[in-house]
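The values are calculated or read from the model by the stated rules, or taken from the named source; none is laboratory data. On a predicted model such as this, the values are computed, not experimentally measured, just so you know. Positions of Cβ are generated from backbone atoms using ideal geometry, with glycine treated the same way; all protein chains shown enter the neighbour counts. Side chains are part of the model used for accessible areas, which takes the heavy atoms of the whole protein and leaves out ligands, DNA and RNA. Shrake-Rupley method; radii C 1.70, N 1.55, O 1.52, S 1.80 Å.
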Amino acid sequence: MWTAALVCLPLVASWHGSIVPRPPRAAGALSRSAFCMEIDDDSFLTKSLGAMKEQFLQLTEQLSDPEVVADSRRLQDVSKERARLEKRVIAYDEYMSCKEGIVDAKEIIAEESDAELRDMAREEMRELETRQEELYKELEIMLLPSDPNDDKNVMVEIRAGAGGDEASIWTGDLVKVYQKFAETQGWQVSPLTLQQSDSGGYTNAVLQVTGDSVYSKLKYEAGVHRVQRVPATETQGRIHTSTATVAIMPEVSEVEVELDPKDLQLQTARSSGAGGQNVNKVETAIDLIHLPTGIRIFCQQERSQLKNKERALSLLRSRLYEIELEKQQSEVAAKRLAQVGSGSRSEKIRTYNYKDNRCTDHRLGHNFPLSQFLGGDIDSIIGMCIASDQQSQLEELSNKQTAPA
């Protein structure tokens, strides 16, 4: 038996935007009080923010607790959680400061006899209302539940789909794209499996990507990537359609996915392909089969049998975790009809048209320059996916709050 420890995962990305400093005072027009977004004292947002600030203060106190300081692991966890809440607390405090300032400005406008002071109060109130509205929107997004996998490293599996040799070549192109993107993010990429095809490219490629919040961005790349172009092997100039499937699997620990040795069939084999003197002489490759699911992993990238075994087991844990994760995501997505998509590997997410230099994201209904994607410049595309996902979550939250009990 194997078990995967999963918590309920909302399909959203955590928001890492910074708090914008209060803008300088400027001359304004009449008050926009009617349009100002306020947090009701008994609203869900108020209760959530109040609980969040109380938690932040408790964590701050714990940082000076001798027991916490003496436990390096616990101190690290407390510091990390406090840092996560700090931006929200700063925004909430500034929001409340704006709210108090608006009340004071209204009193001056109502009671002050000096016309110049009243005009100054109106200008001040307009500025505060503008900033209060910005903060309200920021706080709404900040309070959306974050995906607990967002901070994790990932295994990126790219498989050639329909299209024969051209699909393998396209798989190789996608490998290059994600390697370029990882470089722009400061991430490290280590190939785990590269099954080359006779025509070039790969029939299957697995990359381990490590760095800061890798899953939070790459999870939006999961799905079917369809390409329309004239293959290099095409002599008649006809456009072919090929596909490759991308799976993004969060890297998990032995605690999160427990493997039963009885479920594993492990054999060693000699490595093949170009390499050092051990190739075809020493059995350093690992052929691993998970009997309950039939998942098979062949790992030969490392020169050490032990390292290949560790990588094979790590990849197996990620695949098993992804199976459970995809089940859960499909259930959640079906309930809320996610605009960005379920993240399923069977979902067609983009079409790449070489003739028109166009990359179409079907989840967003938006086109991007194909050259931008092929150059690994996909941060803006992923950013739009995150924004669309957040908007979907906000609409769902609003519907829940307005729905009759």
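At a Förster radius of 30 Å, what calculated FRET efficiency corresponds to the Cβ-Cβ distance of ASP93 and HIS366, to the nearest 0.05?
Numbers: r = 37 Å, r/R0 = 1.22.
For R0 = 30 Å, the calculated efficiency reads 0.25.
Building the convex hull from the alpha-carbon atoms of segment 64-188 and averaging its projection over directions returns 15.1 nm². Remark: segment 161-245 carries 43 Å² of accessible area per residue (probe radius 1.4 Å; ligands, DNA and RNA excluded). A simple spin-label model places the labels of GLU347 and THR46 3.6 nm from each other, with each point 7 Å out along Cα-to-Cβ.
Evaluate the Kirkwood expression for the hydrodynamic radius of segment 196-251, namely the inverse of the mean inverse distance over all pairs of different C-alpha atoms, and round to one decimal in Å.
Details: mean 1/r = 0.0726 Å⁻¹.
This gives a value of 13.8 Å.
Surface composition of segment 135-214: carbon plus sulfur atoms hold 42% of the accessible area, using a 1.4 angstrom probe and ignoring ligands, DNA and RNA.
Calculated FRET efficiency, SER64 to ARG84, Cβ-Cβ distance, R0 = 25 Å: about 0.85 to the nearest 0.05.
Listed by chain and number, the lysines whose alpha-carbon sits under 19 Å from that of LYS176, ignoring those within fewer than 8 places in the same chain, are LYS217, LYS219.
Can you figure out the FRET efficiency of GLU258 with ASP377, using R₀ = 41 Å and their beta-carbon distance, to the nearest 0.05? Walk me through the numbers on the way to the answer.
Values: r = 40 Å, r/R0 = 0.97.
After rounding, the FRET efficiency stands at 0.55.
So which GluC sites (Glu not before Pro) in segment 60-139 are both in a DSSP loop and have at most 14 other Cβ atoms within 10 Å of their Cβ? Walk me through the intermediate numbers first.
On the way: sites: GLU61, GLU67, GLU81, GLU86, GLU94, GLU100, GLU107, GLU111, GLU112, GLU116, GLU123, GLU124, GLU127, GLU129, GLU133, GLU134, GLU138; in loops: GLU112.
Here the sparse-neighbourhood loop sites are GLU112.
Placing dummy labels 7 Å off each Cα toward the beta-carbon, the span from LYS180 to ALA162 is 2.7 nm. Return the aspartates and glutamates within reach of LYS348: Cα separation strictly under 15 angstrom, same-chain partners fewer than 8 residues apart disregarded; answer none if there are no such residues. In chain and number order, the partners are GLU221, ASP361. Extents of segment 37-120, largest first, come to 61, 26, 15 Å (Cα atoms, principal axes, whole angstrom).
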